[in-house]
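Undergrad: Take a look at the following structure, please.
The values are calculated or read from the model by the stated rules, or taken from the named source; none is laboratory data. Keep in mind it's a predicted model, so treat the numbers as computed, not measured. Cβ placement follows ideal geometry from the backbone for every residue including glycine, while neighbour counts extend to all protein chains displayed. All accessible areas refer to the heavy atoms of the entire protein, side chains included, with ligands and DNA or RNA removed. Shrake-Rupley method; radii C 1.70, N 1.55, O 1.52, S 1.80 Å.
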Amino acid sequence: METVVSGIRSTGNLHLGNYFGAVRNFINMQRENSCYFFIADYHALTTHPNPDNLHNSIKQVLAEYLACGIDPDIATIFVQSDVPEVAELYLLLNMNAYVGELERTASFKEKIRKHPDNINAGLLTYPVLMAADIIIHRAAKVPVGKDQEQHLEMTRRFARRFNTMYGVNYFPEPEAYNFGKQLVKIPGLDGTGKMGKSEGNGIFLADTPQEIRKKVMRAVTDSGPATTGEEPSEPVKNLFTIMETVSDKSTTDYFREKFASREIRYGDMKKQLAEDIIKITEPIRENINSILANREYLAATVKRGAEKARESASKTVHEVREIIGYREV
Ligand code: TRP
């Protein structure tokens, strides 16, 4: 059993892209590994959320991941700020993180470009906090998307640097968790690119059936195939990709044939697609809502998660303090 750490953005309400792209696979991952899932609510402060928004988004995202099948009886699911040991390890790692390398991080440079009015030190040291999240459980694997690869690379560098500096072999160098071929890339409904929260082209697991129908009916298409044998345009191809993921094969085949014979009516296809998305997401949405309504369950779950996470985290911090030279006098 390997230790896996997975950080979840507290603003990261789950959409179909997240679900089919990764979260669906967490169910198996948690059975085969010792998993730590946490809501990254220290990281969230870099954008200065107001207290109510912060609180509500933590609860919402927690409920969404639980609704998708993260099982607190198998995995450890917790809220980052419930584990102050992370903050201590972050402080210690900061002493060996160089401003130059932090300034060169792609995500930091992008933040500077997009939000020149809020370039705080937390943003600069974001990768150090992320490294602390991971190595505090001495994780071997981290499920990350492309956008987090550089952060994971930096985590390895900080772990290695600590080991070299103190002549120990204490922290493993974590690698990306590989889901193999199971990963599906879900495009957005706006014609180009993948589904994303900030792109505004997504269907969220918490969306109501009415919202889903409305979004799908508005999806970008084209004026239909002009000649026989032509390839669908990108927006239409994207709808087929989503359909392949959520609908029966016979349904997708039916619309592919209609496209090929130039009899396709995108309106009909979208109606079918919307209903199939609803069929898949409805049970999850109901789950989200019942979890959110059950305050005792949520409170007990994060409490248990924090206890388990702190057990592992405090052991590491204790050992790190020893290694560094903070010893009993
Ligand atoms: N940076 C990650 C993201 O934006 C979230 C995150 C924080 C994380 N700490 C982590 C992911 C530790 C994996 C491991 O999605």
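Undergrad: Evaluate the stretch 248-329: find the radius of gyration of its Cα atoms, find its Kirkwood radius, and give the ratio Rg to Rh.
TA: Reported Rg/Rh, Kirkwood definition of Rh: 1.46.
Undergrad: Cross-link list 114/181; 215/237; 146/249; 185/303: which exceed 27 angstrom alpha carbon to alpha carbon?
TA: In this structure, 114/181; 146/249; 185/303 lie more than 27 Å apart at Cα.
Undergrad: Where does helix 85-94 land angle-wise versus the long Cα axis of the chain, in degrees 0 to 90, nearest 10?
TA: Result, in degrees: 80.
Undergrad: With the full set of protein chains in place, find how many percent of the accessible area of the chain is carbon and sulfur; take the probe as 1.4 Å.
TA: 50 percent
Undergrad: Using unit Cβ charges (K, R positive; D, E negative) and no other charged atoms, how large, in debye to the nearest 20, is the dipole of the chain about its Cα centre?
TA: Here the size comes out at about 280 debye.
Undergrad: Using Stokes-Einstein with the Kirkwood hydrodynamic radius over Cα pairs, what translational diffusion coefficient do you get for the stretch 151-220 at 4 °C and a viscosity of 1.567 mPa s, in µm²/s rounded to a whole number?
TA: Reported coefficient: 82 µm²/s.
Undergrad: Take the alpha-carbon centre of the stretch 245-269, take the same for the stretch 157-182, and report the distance between them in whole Å.
TA: 47 Å
Undergrad: Three principal axis extents, largest first, for the C-alpha atoms of the stretch 68-189, in Å?
TA: 38, 38, 29
Undergrad: Test of understanding: in a Gaussian network model of the chain with alpha carbons linked when under 10 Å, which of 70, 119, 136 would top the mean-square fluctuation ranking?
TA: Taking springs between Cα atoms under 10 Å, the residue moving most is 119.
Undergrad: On a straight-distance basis, which aspartates and glutamates could pair with residue 111 in a cross-link, Cα separation under 20 angstrom, same-chain partners fewer than 8 positions away excluded?
TA: 41, 101, 103, 147, 149, 153, 199
Undergrad: Moving on. In whole Å, largest first, what are the principal axis extents of the Cα atoms in the chain?
TA: Principal extents (largest minus smallest coordinate, Cα): 83, 45, 40 Å.
Undergrad: Which of the GluC sites (Glu not before Pro) found in the stretch 160-226 are in a DSSP loop and have at most 16 neighbouring Cβ atoms, other than their own, within 10 Å?
TA: On the way: sites: 175, 199, 211; in loops: 199.
Qualifying residues, ordered by number: 199.
Undergrad: Using the Kirkwood radius over C-alpha pairs as Rh, can you work out the diffusion coefficient of the stretch 209-288 via Stokes-Einstein at 37 °C, viscosity 0.692 mPa s, in µm² per second?
TA: 250 µm²/s
Undergrad: Taking Cα pairs under 8 Å and at least six residues apart, what relative contact order does the chain come out at, in percent? Can you show the working numbers first?
TA: Working: 443 pairs, mean separation 76.4, N = 329.
It comes to 23 percent, rounded to a whole number.
Undergrad: While we're here: Any idea what % of Cα-Cα pairs in the stretch 172-329 are farther than 29 Å? The partial results should precede the final answer.
TA: On the way: 5468 of 12403 pairs.
Summing the P(r) tail past 29 Å for the stretch 172-329 gives 44 percent.
Undergrad: Have a look at 66, 266, 30 and report the one farthest towards the positive end of the charge dipole of the chain, computed about the Cα centre with Cβ charges (Lys/Arg +1, Asp/Glu -1).
TA: 266
Undergrad: For the stretch 209-288, what is the accessible area per residue in Å², given a 1.4 Å probe and the full set of protein chains?
TA: Per-residue value: 56 Å².
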